[in-house]
Each structure stands twice: as C-alpha cells, then as structure tokens.
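What follows is a short report on a single structure.
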Amino acid sequence: MKPILFLNPVFKQMIWGGSRLAEQFGYDIPGDDTGECWAVSAHPNGDCTIREGIYEGKTLSELWSSHPELFGNPGLDRFPLLIKIIDARDDLSIQVHPNDTYAREHENGSLGKTECWYILDCPEDAALVVGHNAGTRQELAEMIHEGKWTELIRQIPVKRGDFIQIDPGTVHAIKGGMMILETQQNSDVTYRVYDYDRLTGGKPRQLHVEQSIDVITVPAPSADESVSSVAELSKNTLHELIACDYYKVWKLETAETFSFEQTHPFLIVSVIGGQGQVNGKEIRKGDHFILPEGFGTVALQGDMQLIMSSI
Ligand code: ZN
C-alpha cells in the first residue's frame, strides 16, 4: 500500500496573529502572535517536512521532485497547492493578488494566486472585505490615493462554515477574530493596498499601491456569487465546494464509517474537527496529510470534519 504522507506544519508569526492555533488545534506554536500555520506547503518560504514513515524528514518539495509518481506525475515544476490555517486576532491588511501572467512577468516567474476560504470560526456579525465600489480604474486610483477606504471597500457578512472563492484581482481582507482554512495556489505574492496605518517595529509595512491598481478587477464582480454556506451538509457524502482551473475542494463530514476511492493525482486532507482513523491510522483535528495516487480505498472511521483538495 502507498504511504499516507503526514506533514509537519510551518508557523508564521504576524503582527495580527494570535494563540488559537495552540488553543484550538493543539499546535506547538512559536508565540502568541502566530498568524499562519502552513499545513501543506512546498513553498521555499515554508517547506513542510514529512512527519513519519519511509520519507520522514524529507521536505515536500524534495519528495515532489524525487517521487513524482506519488503525485500522479502531473509534469508541473512545483507542488501546485498550499494549505494554511489562519488565526487573525487583528485585521489583516487589505490586499490583492496578481494572476499567473502578471506574476510571471513582475515577480520573478512566480505563480499568481487564486485562493479560497473555509471559515472555521468567527465572531457574531462578522464581515469580510471582498471587492470594492469603484466604477472605473481611474476612480479606483483616486480613491486609493486619497485614502477613501470606507467608501472604496466592500464588506460582506459571513458566518462559521461559509466558503468563499477569491479570484486574482479581488480586493480582500480577513478581519480580526476569524480563523480560516485557506486552500490556494502555491504562491506568496501579495500586494498590500492598505494596512490601517499600522507600525511594525516603528515602521509601516510596505504597500504596493501601483501594482494593486494594475491588478484589481474593475468593476468588482458581485460578492453574492462567491460566498456559499456549507456549515450543514449531509454526512458521509463528498461535497464539492469549488472546482476552478487550479484546484478542487471538498468538504466531508463523517459519521462512524465512510469509505471512498482516491481517484485523483493526489488528495490533500485536513482534519478540522473530531478524531478517528484513516485506514487504521489514528488522526485528529489539526492533522494534515496527502494520499498519493493509487492509494485505493480510503477507509475513515469516527466522527470528523475534513476539508480535502486536489488539482
Ligand atoms: Zn489573499
């Protein structure tokens, strides 16, 4: 049988980070300003290692190059996805990501970034920044240069269990109090539009105003189409949350036992609630693993909530 590839997460301290990655997920975090858990990543800024088994200690990027057969030989130059859990104690900067074409040209051959969010936890009456209210690129540029943030930025109400797709060119921001599982392209290119005039070590973080004005989609598409409520779905069923050019994402809630065939080039699984077993191996909330191509039957036991993804 092909091995289950469990990963050791990489943690990132951020000015807006908190301590819920320890409190709610049991991770050994580096400080109470931990904003991101890079749970499944082969990115040079945070390359996860394999936790156990014959590949123990190898990085995901090493395994991707030396054993492409584990990932269905997709012929890509890098592992295509990155899975994060984000703990926002405070608001994240208002930002936008470029698409592949813009990033390749302006960011050293980097990939662009399409991402999606599953809201693990959030306060009552929570809202996210998704989109903007400018009618033309000129109006967008004026509102940004004049700092008319309340007029420019569009906020949409969200709740636990909501799922949101963020295409490149979409102005967005995660707000304080939220915990989110993010599935995204393997890229770290972010253009910061506005950072609430915050200081880190006495200095503001770099903004990327001109790049942002270049890449923001104008006018912004309606936000209603990008948000869906997937908190209460039928159990023991694979529910597809999104299928786009870069990834497919599913939610699965198991009750007692559930089996399915792993038919994808590889399947990333994140346990976001409960505990149980996968093919006899103990798993619990906070575990992330990859099921290789040809894994066969995935036999799950226990009451769990899982977010899964593939290409
Ligand atoms: Zn983003």
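Things to note:
- Residue pairs whose Cβ atoms lie under 9 Å apart, separated by 6 or more positions or on different chains, with the first residue in the range 175-203 and within 25 Å of D47 (Cβ to Cβ) and modelled with pLDDT under 90 and the second of a type in the set (K, R) and near the ligand (Cβ under 10 Å from one of its atoms), are S187/K113; D188/K113.
- Considering the conditions (1) outside the structural domain of P123 (by TED's automatic domain parsing); (2) within 16 Å of the ligand (Cβ to nearest atom), H172 is excluded by exactly one of them, (1).
- Evaluation of N236 against (1) in contact with a strand residue (DSSP E or B) (Cβ under 7 Å, 6 or more places away or on another chain); (2) free of Cβ contacts under 8 Å to residues at least 60 places away in the same chain; (3) assigned to a strand (DSSP E or B) (one fails), failing number: (3)
- For the range 165-178, the set of residues classified as touching a Lys or Arg at 6+ places or on another chain (Cβ under 7 Å) and surrounded by fewer than 22 Cβ atoms within 10 Å (Cβ to Cβ) consists of G176 only.
- In the range 94-124, residue farthest from the ligand (Cβ to nearest atom) [restricted to those that are under 28 Å from D162 (Cβ atoms) and polar (S, T, N, Q)]: N99
- Helices (runs of 4 or more DSSP H) wholly inside the range 59-178 containing at least 3 residues that are of a type in the set (A, V, I, L, M): 137-145
- Unique match (being in contact with a Leu (Cβ under 9 Å, 6 or more places away or on another chain) and over 16 Å from S93 (Cβ atoms)) among Q184, Q155: Q184
- Screening K159, K148, K203 for residues that are surrounded by fewer than 16 Cβ atoms within 10 Å (Cβ to Cβ), under 25 Å from H288 (Cα atoms) and of a type outside the set (S, T, Y) leaves exactly one candidate, K159.
- Qualifying residue in the range 196-210 (condition: part of a loop (DSSP other than H, G, I, E, B), closer than 22 Å to R20 by Cβ and not assigned by TED's automatic domain parsing to the domain that holds G286): yes
The values are calculated or read from the model by the stated rules, or taken from the named source; none is laboratory data. The structure displayed is predicted, hence computed values, not measured ones. For neighbour counting, all protein chains shown are included, and Cβ atoms are generated from backbone atoms with ideal geometry for every residue, glycine included.
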